[in-house]
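Only one structure is covered here, and it is reproduced in the block below.
The values are calculated or read from the model by the stated rules, or taken from the named source; none is laboratory data. Predicted, not measured: the structure shown is a model, and the values here were computed from it. All Cβ positions, even for glycine, are placed from backbone atoms using ideal geometry, and neighbour counts span all protein chains on display. Just the protein is used for accessible areas: all its heavy atoms, side chains included, with ligands, DNA and RNA removed. Shrake-Rupley method; radii C 1.70, N 1.55, O 1.52, S 1.80 Å.
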Amino acid sequence: MMLDGKMYADRINALPPYLFAAIDELKAEKLKQAINIIDLSIGDPDQPTPEHVVEALCDAVQDPSTHQYPSYEGMPSFREAVARWYDKRFDIKLDPEDEVLTLIGSKEGIAHLPLALINRGNIALVPDPAYPVYKIGTILADGVPHIMPLLAENGFKPNLDSIDAKIAKKAKLMFLNYPNNPTAAIADEKFFKEVVDFASDNDIIVCHDNAYSEVTYDGYRAPSFLQMKGAMEVGVEFHSLSKTYNMTGWRLGFAVGNAEILAGLGKVKTNVDSGVFRAVQMAGIAALKGPQDCAEKMRAVYRERRDVLIAGLKTLGMAVEQPKATFYVWAPVPHGHDSLDFSKLLLDKAGVVVTPGIGFGDYGEGYLRFALTKPVEQIKEAVGRMRELEI
Ligand SMILES: *Cc1c(COP(=O)(O)O)cnc(C)c1O
């Protein structure tokens with residue numbers, strides 16, 4: 001049998017192309033030549049998981065009762081810890097029974113949500129630039145992503161008034177993410193209130209991704225979408241322990257909000273996965289219920305790096321804004337370049353890896369994403385190397 005790649009389903013062929021192949025190749029080549037690369041493209045914390053969380057896992061894993069299949073929706077004690085954390089942090093009362101669902105990382109839940117809500121050809125409103133999972137999850141459910149451009153002039157928030165009324169009426173789902181990856185933009189309550197009204201008027205389910213709610217600076221505290229009046233009727237919020245507690249490898253997240261929507265997602269999950277290892281959930285309880293000074297430390301580490309990078313990029317003449325949240329800096333590409341060729345140039349001539357904005361969608365063109373997941377010394381070194389490039 002000759003497969004020739006022709007065995008793939010249309011939905012796989014419909015996935016957007018992978019744009020980083022050229023950069024990956026160049027990076028591999030440089031590493032082979034033992035060239036010292038500074039990789040500022042990685043959206044993954046470099047700091048370890050807090051010790052008390054690791055200890056909780058070690059204790060839990062010694063108990064054989066954690067070794068069997070967990071419950072699909074998550075341990076009641078984990079869901080209670082989530083509800084308690086939401087109450088303390090956002091003053092939102094959640095019923096751990098049906099308004100909290102444990103996820104194998106929030107990516108898993110976001111990717112599966114369209115399977116519960118989208119029929120073939122249904123529209124999902126997807127921001128651009130964005131975390132790719134919103135668009136890809138829609139395509140994998142045979143849905144049609146409709147792009148909401150995130151423009152600098154609108155503070156990288158979608159302009160809801162510019163969405164065609166017919167599209168809005170037909171749309172089933174809307175994805176949002178503030179604090180935002182990759183633009184580092186934040187949303188205020190006024191915007192979230194507009195979203196609730198828009199969603200109620202058009203019968204749209206809102207999926208808000210709040211992965212970076214705890215990665216904030218300068219006294220800014222990010223809101224929860226669910227704090228808005230009426231939000232619980234139209235939406236769910238996805239959250240994760242990945243960024244708050246440096247736990248990306250552990251695969252632990254959760255969805256909260258409207259019970260009916262969560263039940264749909266739960267139904268998909270019951271049939272495709274078997275939940276999160278109980279010992280990992282117990283470590284998650286330790287993270288959510290334990291001392292929160294680890295999150296404060298995390299913020300201080302990124303803030304220092306942010307300040308160093310912003311100051312450095314400004315000395316190079318780059319027009320960057322100081323983000324109030326996330327561990328990204330979204331910087332305009334210097335004139336005369338596009339995001340991909342400038343990223344290649346940076347890697348080739350300076351050994352600095354950044355993510356070209358085009359990788360997050362067409363409206364990401366013209367920007368570069370720097371991740372603050374490397375120590376200050378490396379960030380300084382990266383800026384120094386960029387200075388020698390005389391861009
Ligand atoms: C990192 C990140 C997540 C978290 O993913 P997990 O699967 O929970 O590790 C979700 N959304 C965005 C936008 C992210 O950048």
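Scan the stretch 211-226 for residues that are part of a loop (DSSP other than H, G, I, E, B) and either away from the ligand (no atom under 16 Å from the Cβ) or over 30 Å from Arg305 (Cα atoms) (or both) and jot them down. Spell out the reasoning first.
Quick first cut of the stretch 211-226, residues part of a loop (DSSP other than H, G, I, E, B) only: 211-215, 217-224.
If the condition is that a residue be part of a loop (DSSP other than H, G, I, E, B) and either away from the ligand (no atom under 16 Å from the Cβ) or over 30 Å from Arg305 (Cα atoms) (or both), then Tyr217, Asp218, Gly219, Tyr220, Arg221, Pro223 are the ones that fit.
Which ones in the stretch 162-205 are in a helix (DSSP H, G or I) and of a type in the set (Phe, Trp, Tyr)?
Listed by number, the residues that qualify are Phe191, Phe192, Phe198.
So which of Glu25, Glu108, Glu73 is modelled with pLDDT of 95 or more and either of a type in the set (D, E, K, R) or in contact with a Ser or Thr (Cβ under 8 Å, 6 or more places away or on another chain) (or both)?
Unique residue meeting the criteria: Glu108.
Could you pull out the residue among Asp273, Asp293, Asp348 that is charged (D, E, K, R), open to solvent by 10 Å² or more (accessible area, probe 1.4 Å) and within 26 Å of Asp24 (Cα to Cα)?
Just a single option satisfies the conditions, and that option is Asp348.
Can you spot a residue in the stretch 69-76 that is under 27 Å from Ser213 (Cα atoms) and open to solvent by less than 20 Å² (accessible area, probe 1.4 Å)?
Checked the stretch 69-76: at least one residue is under 27 Å from Ser213 (Cα atoms) and open to solvent by less than 20 Å² (accessible area, probe 1.4 Å).
Considering only residues that are hydrophobic (A, V, I, L, M, F, W, C), more than 12 Å from the ligand (Cβ to nearest atom) and within 22 Å of the chain's Cα centre (by Cα), which ones fall in the stretch 239-271?
Val256, Ile261, Leu262, Leu265, Val268 - these are the residues of the stretch 239-271 that are hydrophobic (A, V, I, L, M, F, W, C), more than 12 Å from the ligand (Cβ to nearest atom) and within 22 Å of the chain's Cα centre (by Cα).
In the list Asp44, Asp4, Asp24, Asp39, which residue meets the criterion of being outside the structural domain of Leu346 (by TED's automatic domain parsing) and either in contact with a strand residue (DSSP E or B) (Cβ under 8 Å, 6 or more places away or on another chain) or open to solvent by 50 Å² or more (accessible area, probe 1.4 Å) (or both)?
Asp4
Which ones in the stretch 247-270 are among the small types (Gly, Ala, Ser) and open to solvent by 10 Å² or more (accessible area, probe 1.4 Å)? Lay out the reasoning, then the answer.
As a first pass, look at the stretch 247-270 and keep what is among the small types (Gly, Ala, Ser): 249, 253, 255, 257, 259, 263-264, 266.
Of everything in the stretch 247-270, those that are among the small types (Gly, Ala, Ser) and open to solvent by 10 Å² or more (accessible area, probe 1.4 Å) turn out to be Gly249, Ala259, Ala263, Gly264, Gly266.
Can you list residue pairs whose Cβ atoms sit under 7 Å apart, with the first residue in the stretch 351-378 being at positive phi and the second being among the acidic types (Asp, Glu)? Count only pairs 6 or more apart in sequence or on different chains.
Gly361/Asp128
Select from the stretch 163-206 the residues that are surrounded by 16 or more Cβ atoms within 10 Å (Cβ to Cβ) and among the polar types (S, T, N, Q) and write down the one among them that is farthest from the ligand (Cβ to nearest atom).
In this case the residue turns out to be Asn202.
Quickly run through the stretch 126-162 and pick out the residues that are away from the ligand (no atom under 16 Å from the Cβ), touching a residue at least 24 places away in the same chain (Cβ under 8 Å) and in contact with a strand residue (DSSP E or B) (Cβ under 7 Å, 6 or more places away or on another chain).
Those that are away from the ligand (no atom under 16 Å from the Cβ), touching a residue at least 24 places away in the same chain (Cβ under 8 Å) and in contact with a strand residue (DSSP E or B) (Cβ under 7 Å, 6 or more places away or on another chain): Ile139, Gly143, His146, Ile147, Pro149.
For the stretch 227-278, enumerate the residues that are assigned to a loop (DSSP other than H, G, I, E, B) and either in contact with a Pro (Cβ under 9 Å, 6 or more places away or on another chain) or of a type in the set (S, T, N, Q) (or both).
Hits for the stretch 227-278 are Ser242, Lys243, Thr244, Tyr245, Asn246, Met247, Asn258, Ser274, Gly275, Val276, Phe277.
Of the conditions (1) within 30 Å of Glu51 (Cα to Cα); (2) without any contact (Cβ under 8 Å) to a residue 60 or more places away in the chain; (3) open to solvent by 10 Å² or more (accessible area, probe 1.4 Å), Thr244 clears all except one; give me its number.
Every condition holds for Thr244 apart from (3).
Which fully enclosed strands (runs of 3 or more DSSP E) of the stretch 98-152 have 3 or more residues being open to solvent by 10 Å² or more (accessible area, probe 1.4 Å) and over 21 Å from Ser242 (Cβ atoms)?
144-149
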